[in-house]
Structures are given as structure tokens and as C-alpha cells.
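Data block below; observations after.
Computed from the coordinates by the stated procedures, all read-outs in this text should not be read as laboratory data. Because the structure is a prediction, the values reported are computed rather than measured. Cβ: placed from backbone, ideal geometry, glycine included. Neighbour counts: every protein chain shown.
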Protein chains: 2
Amino acid sequence: MNPFLQYINNFTTLSAESQNALSAIVAQLELPKGETLIRQDVICEHAYFIEKGLARTYYYKDGRAVTDWLGAEGDVVVSIVSFLMRQPDRRNVELLENSIVWKIPFYELEILYAKHHDIERLGRLLMSHGLVMLQQRFDDLHFATASERYQKLLKTKPSLLQRVPLGMIASYLGITQETLSRIRAQA
Amino acid sequence: MNPFLQYINNFTTLSAESQNALSAIVAQLELPKGETLIRQDVICEHAYFIEKGLARTYYYKDGRAVTDWLGAEGDVVVSIVSFLMRQPDRRNVELLENSIVWKIPFYELEILYAKHHDIERLGRLLMSHGLVMLQQRFDDLHFATASERYQKLLKTKPSLLQRVPLGMIASYLGITQETLSRIRAQA
DNA sequence: AGTATTTTTTGACAATTATCAAAAGAATCC
DNA sequence: GGATTCTTTTGATAATTGTCAAAAAATACT
């Protein structure tokens, strides 16, 4: 079974028919580091499941690139607001490593939602999962100090620190690169 | 039509049968200010739609109450992590005004999800909506200044400022009461 | 109205983080 | 291998926000 369907299986069991229908609309792509998957100000037509590699979501705030999210193997990357609301958003998504991703088109997925109850369920569960992830990240940002956020990242996603430049990590944590460098020097 | 079903109608059109089934599992309650709807460390068994009134979600961080969310008429209030993950969470929800709410039980809703495709769709759309709302709030917190966040709240939910004590607003914005007071004094 | 309670503001100071600039260290490319 | 580019660290200083304490203002209570 392909890695995307394996991922899906963590959420719900699809009928053979639904699995086939879903397989038919996704495509595996091998893309180089630096490739832009999602572009700002353009309605996001695809979500991407990362089989291998690394992606970051970023946008510009006062002329500076702000890293909003970092996703690795087993993550889904998308501009949530644009994909779900069908409106442009300021977010870009680019690959930080040569990657293998599965491209999931919005429109075709909508059709499957309407046709297959179990795929609709899958959609609900994926949205729920995203909501829980985002809530937990929100909590960190809301009332944890910069240092606490760094410590947590060290525990939960240590590999990111090897794979992502410090400036992007800092931005992801909501602080400047210099501050993160000093936090590391202390600990 | 009752206000809860009217709310639902903003997301999708349910069959008459599904509307009845959904109506049958929700209950309208009139509850006094101060009532606790959701208690920390207990799995959250219900979500609540606010027909009239005001609720806040809060938790304790280092002995202090942190206000996480404020919801008024037309909002749904729930401990996202606890309700969806079926695990205890640190969040409490209490009413800040005498309110009329619609109580939505997790387990009965799950049954309806499985039985009615259109209710499953509704669930997906509600989750999507929550995800978009949270993403937008996350963005504010991530890279807007305290002052920018206050200005935005002034524009989007001015009534909250009349109805909620300043300390809770400050906490909601991720700053202290004193800082918010000074921001207001400037502007 | 007058007292008690809660909420908001103000002051003084400390802690945290940002900003700008430059140096040091790594990685990449002919 | 040396030059170039990118990344990380360090230093000096400014800006922002937090903390603690107390005063002022608003609200609720009898």
C-alpha cells in the first residue's frame, strides 16, 4: 500500500472502492529542494502529504519572511485558510529538501466527499486532527516563554533542528534568530 | 426553526430526517452567570452552541487563570483537545453572563455521524470552520504586536470590550492587564 | 447614600526580547 | 584550496512587556 493510503489508515478504514477512488485523484511527485508548492495570493488548489522530505510555510510581514510552519515525513502541508475558504492567502510553501510528496486536489476531493460517506468521514477526522494540532501549538505560543517553546521543540521534533536553519526555527517559535541563539547558549 | 439548526444551516443543508435526528440529541438550557460548562481534567462530553450570553475558556498557568477564548452569541464553545481526543485537558469553560445554550453530546453525535452522511459532512465543515478561525487567531498571536491585536479585536468584536473584564481580554490577547491598560491609554 | 468589592489605571523597576552591526564559523562552488 | 555565500554567534543598545504595589474609578450591595 502506498504511504499516503497508509497515513489515511491511521484515521479510518476506507472501503476498497473508496481507497481506489482516493488513489485515483492523488499523484506522487518527486520534487527538488527549493520548489514552491503553494504560492501566496493564489487560491491553494492542492494539499500535499509529505512521504519524504521537508517543507516550510512562510509569509512576509513588514518585508521579512516569517516561518509559520515546518512539516516533515508524515505531515500534510497546505494553506489552511486558502484551501478551505477558497480565497487567496499570504502563505507560501516551499521545499527545504529534495522531497517525495502526494498531491491532493481540492476539487476532486470535494467530489469524493459527496460521493463516499467514508471519505467524508476521513475528511472530518483529518480536519479534527489538524484542529487539535493547531490548538496545541496555539497553547504553546499563547503562554509559554520562548525558552519553554524551544525546549519543547527539542523534545518533540529534535530532527528539525538538524535539518532547518536556525532563523526559520526561531521564526517558527515566534522569536528572532539572535534570541534563539542566546537561548541555546544558556542551556 | 431553532437557533441551533439555523446556525447549522450556514454550513450545509440537512435532510429533514437528519435535522430531526440532530434536534433529538441537543437540548436547550438556560443557565446562570458563573456556571461551569466544562471542567478541567475531566473528559469533555459536550460542546455548547451559545444562543444568548457569553462564555470564556480558561486554564491555570503557574497558579494564574489564563483566558484562552471568549465566545458569544453564535459561537460554539468546547475544549477542542478533550472533546476530540477523548482525553482530559486543563481547560475550563464558564459563563460570564446568564445564557441560553444548546448542549451537544459527543457520543450521540458520533452515532449520527456514522448513520447520516449529511451530518458527517456537517461535522467536517464545522471542523474546517474551527480550523480556519484558529489559524487566523494563531496568525495574530504569532507575529502581530500586542497593540495590533488589540486594534483588531476593537474592529472585529467591539462588544466584547463592554462585556468582559479587562484582565480577561488582556489574557485572551496574550498580554497582562497592565500592558493592555497602557495600550488603551495611548490610543 | 454609603460601604464593600471589583475593576482599571498608574508608577517604579526588572526582565525579556528586538534591533542593528559586525565577527566568527560552515558550507558551497569553481 | 581559496573565494564566495550562507548561517550562527556575539556585542551594544533600545523597545516592549512583565511584575509588584498602590491609587483611582467603577460597580454592586444593603
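If a residue must be touching a residue at least 12 places away in the same chain (Cβ under 8 Å) and more than 9 Å from every other protein chain (Cβ to nearest Cβ), how many such residues does the stretch B:123-141 contain?
Residues flagged as touching a residue at least 12 places away in the same chain (Cβ under 8 Å) and more than 9 Å from every other protein chain (Cβ to nearest Cβ) within the stretch B:123-141 amount to 1.
Checking the condition among the hydrophobic types (A, V, I, L, M, F, W, C), within 16 Å of DNA strand D (Cβ to nearest atom) and loosely packed, with under 14 Cβ neighbours inside 10 Å, which residue from B:L153, B:L166 passes?
The match here is B:L166.
Can you name the number of the only condition in (1) closer than 19 Å to B:Q6 by Cβ; (2) β-branched (V, I, T); (3) crowded, with 21+ Cβ neighbours inside 10 Å that B:I80 fails?
The single condition B:I80 does not satisfy is (1).
Which of the residues that make up the stretch A:77-122 are aliphatic (A, V, I, L, M), in contact (Cβ under 8 Å) with a residue 24 or more places away in the chain and within 13 Å of chain B (Cβ to nearest Cβ)? Step through it out loud before you land on a result.
Kept after step one, since they are aliphatic (A, V, I, L, M), are these residues of the stretch A:77-122: A:77-78, A:80-81, A:84-85, A:93, A:95-96, A:100-101, A:104, A:109, A:111-112, A:114, A:119, A:122.
Applying the additional criterion that residues be in contact (Cβ under 8 Å) with a residue 24 or more places away in the chain yields A:77-78, A:80, A:93, A:95-96, A:100-101, A:104, A:109, A:112, A:119, A:122.
Those that are aliphatic (A, V, I, L, M), in contact (Cβ under 8 Å) with a residue 24 or more places away in the chain and within 13 Å of chain B (Cβ to nearest Cβ): A:V78, A:I80, A:L109, A:L112, A:I119, A:L122.
Per-residue answers, yes or no, for (1) over 17 Å from the mean Cα position of the chain (by Cα); (2) of a type in the set (K, R):
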{"site": "B:S18", "(1), (2)": "yes, no"}
{"site": "B:H46", "(1), (2)": "no, no"}
{"site": "B:L54", "(1), (2)": "no, no"}
{"site": "B:K61", "(1), (2)": "yes, yes"}
{"site": "B:E97", "(1), (2)": "no, no"}
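Where residues in the stretch A:62-76 are acidic (D, E) and within 12 Å of chain B (Cβ to nearest Cβ), which of them is farthest from A:A47 (Cα to Cα)? Show your work before the answer.
Just the residues of the stretch A:62-76 that are acidic (D, E), to begin with: A:62, A:68, A:73, A:75.
Okay, now just the ones that are also within 12 Å of chain B (Cβ to nearest Cβ), so A:62, A:68.
Details: A:D62: 27, A:D68: 16 Å.
Per the stated criteria, the residue is A:D62.
Having 3 or more residues that are touching a strand residue (DSSP E or B) at 6+ places or on another chain (Cβ under 8 Å) and among the hydroxyl-bearing types (S, T, Y) is the bar; report the strands (runs of 3 or more DSSP E) wholly within the stretch B:1-101 that clear it.
Working: elements: B:27-31, B:36-38, B:46-52, B:55-61, B:64-71, B:92-95.
By residue number, B:55-61.
Looking for something among the aromatic types (F, W, Y) and over 21 Å from A:L37 (Cα atoms) - is there at least one such residue anywhere in the stretch A:123-141?
Yes, the stretch A:123-141 contains at least one residue that is among the aromatic types (F, W, Y) and over 21 Å from A:L37 (Cα atoms).
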